[in-house]
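These notes are about the structure you will find just below.
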């Protein structure tokens, strides 16, 4: 149980008014439409709206208080907390909230797979524990504090996804969430517009491990990763497919449906998600779940019933075809893994590839490399779409089954033709390309 006065000591709080007595706080939100009784409303200013305009609405829902900018004119005499910076106060109050609860905090970051690893871990742990976790991939300076504020008195485990696209963010979010367990899924070529290369990505991501060592927390180390495998400091449990890590899946193979089969400490299972990439995420989740007391049987049963959704290796049907839809995000590493995964399931796929965004000066070379890989893997057809893919197509020499589509309508028309013929289709691109609309 948290009282409002426990939170008003946040460093960026200037003063408050119309707040009396021991008010109990039940959580916090930044969306006025979602506010429930007893929650704090954080009036953030966005590009298209100002949260201060909705304070009357949240007051009508019996919020405990609104955190507002010091310049706010409280003409309505609402219970408000004045702040030097509302976003900063959100983080500070979330940090206090985390300290006032006893849940085990699991911090997950990495270039690829962190959201799927989180979802698999939720699937396993909720069979035994009271769990809260990051909603979708809300893993930034606003999403992480909101996840922490969703922790209740009876929450046993909180799984916090920690994202970044600028230097310094992992350190900041680790300080706020104060995880007991830290996991980095992998180091890949993501957000290169700011990190420049994989070494830059590693320099940022390893801040989670550095924080874990400051508090003697538990580190889960992917020994298959070329950067992470060299980390040797702290309380470490290793996992991977190569060598002799502490946690390992064995007897791994792809079955005729394209699903990975495996055994975990003598217990056989199948992950009903195509390709090998998500088995790596499942292994990471299994390692953490084992640390928290889940048995191999419990873990294997949960993995056997996991399904991927929300445009991440999502299996769908359209026309007469099976579709693999993976267009929530894309970077060179995830695109490379995706193409090789699809290739392992058969060369009869038509593969649709959209632009990878936020790659900065590495973009042209990265798209050229991916287009070349798709060509070399020998798929039945490769359909390229987007400005960056256009440049890659014009710069290279490809087989006749590799084609560029200059408009979404022409791409969708070809998608429809392929789906009606029953040809398997795999779709991959960055979120901004909105390739899921091919299914509409």
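The values are calculated or read from the model by the stated rules, or taken from the named source; none is laboratory data. As the structure is a computational prediction, the values presented were derived from the model and not from experiment. Heads up, the Cβs are rebuilt from the backbone with ideal geometry, glycines too, and the neighbour counts pull from every protein chain shown.
Here are some conditions: (1) farther than 29 Å from residue 366 by Cα; (2) touching a residue at least 60 places away in the same chain (Cβ under 8 Å); (3) not in a helix (DSSP H, G or I). Residue 160 meets all but one. Which one does it not meet?
(2)
Limited to region 211-243, what total is found for residues that are assigned to a helix (DSSP H, G or I) and either out of contact with any helix residue (DSSP H, G or I) (no Cβ under 9 Å at 6 or more places or on another chain) or surrounded by fewer than 17 Cβ atoms within 10 Å (Cβ to Cβ) (or both)?
Residues in region 211-243 being assigned to a helix (DSSP H, G or I) and either out of contact with any helix residue (DSSP H, G or I) (no Cβ under 9 Å at 6 or more places or on another chain) or surrounded by fewer than 17 Cβ atoms within 10 Å (Cβ to Cβ) (or both): 4 in total.
Anything in region 2-25 that is in contact with a helix residue (DSSP H, G or I) (Cβ under 7 Å, 6 or more places away or on another chain) and surrounded by 13 or more Cβ atoms within 10 Å (Cβ to Cβ)? List them, or say none.
Those that are in contact with a helix residue (DSSP H, G or I) (Cβ under 7 Å, 6 or more places away or on another chain) and surrounded by 13 or more Cβ atoms within 10 Å (Cβ to Cβ): 2, 6, 7, 10, 12, 13, 19, 23, 25.
Given the condition at pLDDT 95 or above, closer than 19 Å to residue 188 by Cβ and touching a strand residue (DSSP E or B) at 6+ places or on another chain (Cβ under 8 Å), answer yes or no: does some residue in region 405-420 qualify?
No: region 405-420 contains no residue that is at pLDDT 95 or above, closer than 19 Å to residue 188 by Cβ and touching a strand residue (DSSP E or B) at 6+ places or on another chain (Cβ under 8 Å).
Out of 267, 299, 254, report the one residue that is more than 26 Å from residue 216 (Cα to Cα) and crowded, with 23+ Cβ neighbours inside 10 Å.
Answer to the check: 299.
Taking the condition surrounded by fewer than 21 Cβ atoms within 10 Å (Cβ to Cβ) and part of a strand (DSSP E or B), does residue 325 pass?
no
Residues to consider are 217, 143; find the one that is outside the structural domain of residue 31 (by TED's automatic domain parsing) and under 16 Å from the mean Cα position of the chain (by Cα).
Exactly one of 217, 143 is outside the structural domain of residue 31 (by TED's automatic domain parsing) and under 16 Å from the mean Cα position of the chain (by Cα), namely 143.
For region 338-351, which positions are surrounded by fewer than 20 Cβ atoms within 10 Å (Cβ to Cβ) and either within 22 Å of the chain's Cα centre (by Cα) or closer than 20 Å to residue 391 by Cα (or both)?
Across region 338-351, the qualifying residue is only 340.
Could you tell me which of the residues 91, 28, 51, 113 is surrounded by 17 or more Cβ atoms within 10 Å (Cβ to Cβ) and assigned by TED's automatic domain parsing to the domain that holds residue 279?
The conditions single out 113.
If you go through region 25-38 one residue at a time, do you hit one that is closer than 24 Å to residue 131 by Cα, assigned to a helix (DSSP H, G or I), in contact with a strand residue (DSSP E or B) (Cβ under 6 Å, 6 or more places away or on another chain) and in contact (Cβ under 8 Å) with a residue 60 or more places away in the chain?
no
Quick one: residue 59 ticks every box in (1) touching a helix residue (DSSP H, G or I) at 6+ places or on another chain (Cβ under 7 Å); (2) surrounded by fewer than 24 Cβ atoms within 10 Å (Cβ to Cβ); (3) not assigned by TED's automatic domain parsing to the domain that holds residue 292 except a single one, so which number is it?
(1)
Considering only region 352-440, give the strands (runs of 3 or more DSSP E) lying wholly within it that have at least 3 residues that are assigned by TED's automatic domain parsing to the domain that holds residue 329, touching a residue at least 12 places away in the same chain (Cβ under 8 Å) and surrounded by fewer than 23 Cβ atoms within 10 Å (Cβ to Cβ).
402-405
Output the residues belonging to region 76-116 that are closer than 22 Å to residue 210 by Cβ, at pLDDT below 95 and not in a loop (DSSP other than H, G, I, E, B).
Within region 76-116, 114 is the sole residue that qualifies.
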